[in-house]
Amino acid sequence: MSELTELYKEVILDHNKRPRNYQKLSDANRSAEGFNPLCGDQIQLYVKLEEGVIRDIGFQGSGCAISKASASLMTSLVKGKTSTDADELFERFHRLVTSEQSPDTAELGKLSVFSGVREFPARVKCASLAWHTLRAALEEKGVPVTTE
Ligand code: ZN
């Protein structure tokens, strides 16, 4: 295993153990639920959106280390960003975990820790769940999202 992979693993384990923004927001004006039945991951996302900016964001849920770490990283990355910027990050993340080409990891920053999941299609759903749920919350979809 390469050193880089070891580092990525550490980041994921750290976020799993001490997830950032792991809380219910009492003043959230957007929320969404997400499920990944394949793995059993479940997430509830809370967003405080003001004038198109994600002022605050929190999540709760249960699932595997990858889904939790992804939600933790996602929430810390989009906090303070506009919903348009968050959408753009989602696109980049999606390309990272699905594309055959090597991603530009410099541009992706911390998100590049998930580049390793590309080799495991089932894990892509774990890593993408939080992002799909964020999109549902921002688009105010009334139904829970599922990766299936
Ligand atoms: Zn999972």
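Each reported figure results from applying straightforward, stated rules to the coordinates on display, with no laboratory input. Given the structure is predicted, the values throughout are model-derived calculations rather than measurements. Cβ placement follows ideal geometry from the backbone for every residue including glycine, while neighbour counts extend to all protein chains displayed.
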Looking only at lysines whose Cα falls under 16 Å of Lys48's and that sit 8 or more positions away or on another chain, we get Lys24, Lys79, Lys81, Lys141
Contour minus Cα-Cα span, Glu6 to Thr98, at 0.36 nm per residue, comes to 31.0 nm
So, over other residues within a Cβ distance under 14 Å of Asn29, counting Lys, Arg +1 and Asp, Glu -1, the net charge is -2
When Ile57, Ile66, Ile12 are arranged by how many other beta-carbons sit within 10 Å of their Cβ, fewest first, they go Ile12, Ile66, Ile57
If amide H atoms are modeled at 1.01 Å from N in the peptide plane, then the residues at a separation of 5 or more from Ile54, or on another chain, having amide H under 5 Å from its own are Gly80, Lys81, Thr82, Ser83
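Largest first and in whole Å, give the semi-axes of region 1-138's equivalent ellipsoid, each being the square root of 5 times a Cα gyration tensor eigenvalue. Intermediate results must be reported in sequence, preceding the final value.
Details: eigenvalues 108, 53, 36 Å².
Over the Cα atoms of region 1-138, the semi-axes work out to 23, 16, 14 Å.
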